[in-house]
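The structure appears right after this line, and notes come after that.
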Amino acid sequence: MPRNIDVSLFKRMQAIRRKLHRQPELAYQEYKTAEVICQELKRLGIDHQRDIGGTGVRAVLGRNNGPCVALRADMDALPVSEETGLSFVSTNPGVMHACGHDGHVAMLLGAAEILKKTRLDGQVVLLFQPAEESGNGAVAMIEAGSLKDVSMIFSGHLDTHYPVGTLSVDQGLICSYTDPFTLTVHGQGGHAAKPHEAIDAVVIASSLVMNMQTLVSRYINPAHAAVVTVGHFTAGTVHNVIAQQAVLEGTIRSGHPDTREQIIKGLRRLIRGIAEMSNARIELVLHDGLPAVINDETTTMVAQKAAVVVVGSERVVSQEFPSLGGEDFAFYQQQIPGTMIRFGAAKENGAGPAHSGTFDFDENALSYGANWLARVAGLGIEYLRHSGKESGRSCL
């Protein structure tokens, strides 16, 4: 267990995590989650507001009129059926904390307790954000004024690819650009025995799925990270009717804006070609996605320093390659400098991957995460004071 975390605090964080795990809530439905957060903030005597950006909670502690640093935790769960067999398994059918956001909330509340006992020469804003998984809750929090007078922001994500007690800290690109899309194939229905009288949407959509794989493998520099995935395919009604319509839903992930543009242009070319060849009409809708998470140089320096204090330099690691996962923390970074790190959380006996029904993490990671969040907030304030970049205004 890291320094400055006592057993009683760990037990509280563990209890909070397990309570939230039992009652997971989807994007913008985190009412019970917000209630748990507010109860704990009230117990600690920390000023807070709820219903920020929908179901979010914003809390402030520390000294007025000093430099202001924000810490963010996401709250929402996923539409996944739990298969872990844990004693605190989800009681909400078809919904699960399959990405560790229950742990993120517990960590930030743990950090709040540490900071409450710390003399701060500035202020710390705690952001408990809804709808990270879907709905871009970060944007809603920003539009609600959550970053008012904040000069830096930090966050972290549990990651079971790293052992407990390690912290992954990197400058630059951390998570990719994400572009969700929907493809609708409009064909002509007909009898299964007479395909020449129809335009088979299933065959056309299947061709799209297979040919989309070449957008990365044959048109993108192999040294550049990218992937195109179709996650949902619906078509047809019965076995003996040729489907008139098929719908594909997927995502484009890319680590560079030029790569992103190349894939999207290539997808449009592919659609035009298959549509003409098959005499179908194919409609592409690109939905609002996420910008890349790019860690700022200065805030990463602060994050690195905090990580060394918490786990020692030998336990601070690099993720080596940018993740193709998406994160709406990027929207905060478009407003102010910010850094996101990863908290090592691998279980000794293993667990399923994130976003799966068997996902779990080692709860000892809660202690390291809470300690890092508290440390990075204090060091961020210290940096702002000594650099002369403090706003001199209240974050309230």
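Rule-based calculations on the coordinates, nothing more; no lab input. For clarity, every value in this text was computed on a predicted model and none was experimentally measured. For neighbour counting, all protein chains shown are included, and Cβ atoms are generated from backbone atoms with ideal geometry for every residue, glycine included.
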5 Å is the cut-off here: which amide hydrogens, built 1.01 Å from N in the peptide plane, fall below it relative to Leu158, excluding neighbours closer than 5 in sequence? Phe343
A correct Kirkwood calculation over the Cα atoms of the range 97-170 returns a hydrodynamic radius in Å of 14.4 Å
Residue by residue through the range 118-132, which ³J(HN,Hα) values in whole Hz follow from phi under the Karplus form 6.51 cos²θ - 1.76 cosθ + 1.60 (θ = phi - 60°), with glycine and proline marked x? 10, 7, 10, 8, x, 10, 10, 9, 9, 10, 9, 9, x, 6, 6
For n ≥ 4 DSSP H runs only, could you compute -39500 (n - 2.57) per run for the chain, divide by its residues and tell me the 222 nm figure to the nearest 500? -11000 deg cm²/dmol
Which order results if Asp288, Asp159 are arranged by neighbouring Cβ count within 10 Å, fewest first? Asp288, Asp159
Using a cut-off of under 14 Å, list every residue of the range 177-203 whose amide N is near the label point 7 Å from the Cα of Thr237 along the Cα-to-beta-carbon line. 188-192
Stretched fully, the stretch from His224 through Met301 gains (0.36 nm per residue minus C-alpha distance, one decimal, in nm) 25.1 nm
Given a Förster distance of 25 Å, report the FRET efficiency between Asp121 and Leu44 from their Cβ-Cβ distance, rounded to the nearest 0.05. 0.80
Can you tell me the equivalent ellipsoid semi-axes for the range 272-396? Use √(5λ) from the Cα gyration tensor, largest first, whole Å. 37, 24, 13
Output wanted: per-residue J couplings in Hz (rounded whole) for the range 179-192, from phi through Karplus 6.51 cos²θ - 1.76 cosθ + 1.60, θ = phi - 60°, x for Gly and Pro. 9, x, 9, 10, 10, 10, 9, 9, x, 9, x, x, 6, 4
Pull up all non-local amide H partners of Glu133: gap of 5 or more, or a different chain, and H-to-H distance under 5 Å with H placed in the peptide plane. Asp76
Which ordering of Tyr332, Tyr368, Tyr383, Tyr28 is given by a fewest-first count of other beta-carbon atoms within 10 Å? Tyr28, Tyr383, Tyr368, Tyr332
Note: His196 to Val308 extended length (0.36 nm per residue) minus current alpha-carbon separation gives 33.5 nm
Radius of gyration and Dmax for the range 177-286's Cα atoms, expressed in Å? 14.9, 47
So, relative contact order of the chain in percent, Cα under 8 Å, 6 or more apart, is 26 percent
Compute the Kirkwood hydrodynamic radius of the chain, taking the inverse of the mean of 1/r over all pairs of distinct Cα atoms, and give it in Å to one decimal. 22.4 Å
Of all DSSP beta bridges having both residues in the chain, the percent classed as antiparallel (nearest 5) is 70 percent
For the chain, the helices passing both cut-offs (Cα extent along own axis of 27 Å or more, Kyte-Doolittle mean at least 0.0, full DSSP H runs) are 365-387
Spin-label model distance (nm) - Gln188 vs Glu320, 7 Å beyond Cα toward Cβ: 5.4 nm
Amide H neighbours of Ile242 at under 5 Å, excluding residues fewer than 5 places away on the same chain, with H built from the backbone geometry, are Gly190, His191, Ala192
As a footprinting exposure proxy, order Ile174, Ile263 by other Cβ within 10 Å, with the fewest listed first. Ile263, Ile174
Using only Cα atoms, locate the centre of the range 309-340 and the centre of the range 142-216, then give the distance between them in Å, rounded to an integer. 21 Å
According to a simple spin-label model (label point 7 Å from Cα along Cα-to-Cβ), what is the distance in nm between Val247 and Ser206? 2.1 nm
